[in-house]
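Novice: Just dropping this structure here.
The values are calculated or read from the model by the stated rules, or taken from the named source; none is laboratory data. Please read all numbers here as calculations on a predicted model, not as lab measurements. Because the Cβ atoms are built from the backbone with ideal geometry, glycine has one as well, and the counts that use them run over all protein chains shown. Heads up: the accessible areas ignore ligands, DNA and RNA and are worked out on the full protein's heavy atoms, side chains in. Shrake-Rupley method; radii C 1.70, N 1.55, O 1.52, S 1.80 Å.
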Amino acid sequence: MLRPSLQDGSIRIINSDRAVLSSPERRKDVPCSVFPSKPKLGFDLQFTAGYMATVPLRALAGSGNSLRILFRVKPLDGKGERHYFWDRYSVPALTPDAVGEATIPGRFKLGAGRYQVDWLMRDQSERVCSAQWEIECSVPGLIEGRGGTRQPFTVGPNEVELFLEEPPVRRAKADGLLHVKLLVNFTPTDASKVKLRPYDLQNIVSIVRAISREPRIGSFSFVGFSMQEERVILEQQNVRRVDFPALGEAVASIEGGIIDFAQLQDEESDHRFLTELFTRHLGPQEPAPDAVVIIGPKLMLEKKVSHRVLAENPQIRAPVFYLIYNTDPYVYPWRDAISSALKFYRGLEYTISLPKDFGRAMKDMMARIVGKTEPSVNTFVETGVSTQ
């Protein structure tokens, strides 16, 4: 995203580009097609919109070329500010009979509202292709006001770096802020997979980000773990915000496919690790959290955690929630090791298959935490399941 000048706060755009963006006439000096995409809700509870542009390779024939993309996203109805985005691509030498086409994507974040997108592509010979379209984004009530949701008529870049540091969040009044403990499982449900798929990892981290942006939460304790290595990969106690760069390093340290020889000799090492994890982090602690939220894929173990062993240790008084990330709930429909253990803690679980499931879960969790409504044994059911 183009940033305003530090001197006068203006965006520097050359006059020829500004003229193309302001003209309703569509230019086709370079033959191209632009296909806008509808706004899509992500697991970070933000909407992503964009486009896919295609250019025939024969139109770029020559000893080499370069393409510069510039587009403007303008909120309509006189609300919000204009934002400009750019990108640049190098084109290798191509013959006039080149077959196929180049595909150029673009994405950006936006809040609720109506927008106009003015788009242009210019090559090094100053040939231009331009397009213009409108998009509309409406935020469902289930995520309205949730942490991380963009304000209406605002636009931002689509960050591609998964573990970028989270910017400061505007919190609620300091005297009413909550302390929440997050336990995040980075183990794939399928034991044959050595690591989480990039898509699944991105969604799980996005869920953590959305929770970290909740205005009513002022501090966190964070525990990330890998069951394959039976290891806590990152632990942070009573911090103002989750350290995402450190989390990225911790996730990268997971060595998929490598098992300690001692684990192979001990058939109960996995269930013992999980038991110790629960007794330590779901027992009395300082500072006492207002809630514990467990996040991750279903964890399938051969042996369940013993309720008798858990009963031998003091229990946490805060409500416990389990966000089960499961994009295909029909593949693993049965209860996993974590949810079986959470019966003992009277935990409440939510199946998260789509972003709107997470939105519903956040709304329900915050209502229970703020209202101090502890789930009873009878409310230990999967909620928020949606596959439509």
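Novice: Using r as the Cβ-Cβ distance of Gln315 and Glu235, and R0 as 22 Å, what FRET efficiency do you calculate, to the nearest 0.05?
Specialist: Efficiency for this residue pair is about 0.60.
Novice: Can you give the FRET efficiency for Val169 and Gln202, using 1/(1 + (r/R0)^6), R0 = 25 Å, r = Cβ-Cβ distance, to the nearest 0.05?
Specialist: Between Val169 and Gln202 the formula returns 0.75.
Novice: With loop defined by DSSP as not H, G, I, E or B, and exposure as at most 11 other Cβ atoms within 10 Å, which is the longest segment of the chain clear of exposed chymotrypsin sites (Phe, Trp or Tyr not before Pro)?
Specialist: Here the longest segment lacking exposed loop sites spans 1-329.
Novice: Mean Kyte-Doolittle of at least -0.5 plus a Cα span of 20 Å or more along the axis: flag which DSSP H helices in the chain meet both, please.
Specialist: 198-212, 355-370
Novice: Right, something else. For Leu274, what accessible area in Å² do you get when you roll a 1.4 Å probe over the heavy atoms of the protein chains, rounding to the nearest 10?
Specialist: 0
Novice: Using 0.36 nm per residue, how much length does the chain from Arg12 to Arg26 gain when fully extended, once their Cα-Cα distance is taken away?
Specialist: Length difference between fully extended and current span is 2.8 nm.
Novice: So, in nm, how far is label Glu302 from label Leu162 when the simple model puts each one 7 Å beyond its Cα toward the Cβ?
Specialist: 3.0
Novice: Might you tell me the accessible area per residue for segment 100-142, computed with a 1.4 Å probe and given in Å²?
Specialist: 40
Novice: Along Cα→Cβ, 7 Å out, is where each label goes; now give me the distance between the ones at Ser125 and Thr327 in nm to one decimal.
Specialist: Going from the Ser125 label point to the Thr327 one covers 4.2 nm.
Novice: Considering all alpha-carbon pairs of segment 125-230, what whole percent are spaced by more than 17 angstrom?
Specialist: 68
Novice: Follow-up. Could you give the longest part of the chain that holds none of the GluC sites (Glu not before Pro) found in DSSP loops with at most 16 neighbouring Cβ atoms within 10 Å?
Specialist: 166-254
Novice: Within the set Lys40/Lys298; Lys109/Lys193; Lys28/Lys74, which residue pairs have Cα atoms separated by over 30 Å?
Specialist: In this structure, Lys109/Lys193 exceed 30 Å between Cα atoms.
Novice: Still on this structure: Under 17 Å Cα-Cα from Lys181, which lysines qualify once same-chain neighbours fewer than 8 residues away are excluded?
Specialist: Partners within reach: Lys372.
Novice: Also, I was wondering about something else. Work out how far the C-alpha atoms of segment 45-193 reach from end to end along every principal axis, then list the three figures in whole Å, largest first.
Specialist: Sorted from largest, the Cα extents of segment 45-193 read 67, 53, 24 Å.
Novice: Same structure again: Accessible area per residue of segment 4-83 at 1.4 Å probe, in Å²?
Specialist: 54
Novice: Taking semi-axes √(5λ) of the Cα gyration tensor in Å straight from the coordinates, which label in [x] 46, 25, 18; [y] 35, 27, 17; [z] 47, 22, 18 is the correct one?
Specialist: Here semi-axes √(5λ) of the Cα gyration tensor in Å agrees with entry [x].
Novice: When the dipole is taken about the Cα centre of the chain, and only Lys, Arg (+1) and Asp, Glu (-1) are charged at their Cβ, what size is it in debye, to the nearest 20?
Specialist: Computed about the Cα centre, the dipole is about 1420 debye.
Novice: With unit charges on the beta carbon (Lys/Arg positive, Asp/Glu negative), name the residue among Thr103, Cys137, Val251 whose Cα is farthest towards the positive pole of the charge dipole of the chain.
Specialist: With unit charges placed on the Cβ atoms, the residue in question is Cys137.
Novice: Let me ask another. Any chance you could list the semi-axes, whole Å, largest first, of the equivalent ellipsoid that the Cα gyration tensor gives for segment 15-70, using √(5λ)?
Specialist: Listed largest to smallest, the semi-axes of segment 15-70 are 27, 17, 11 Å.
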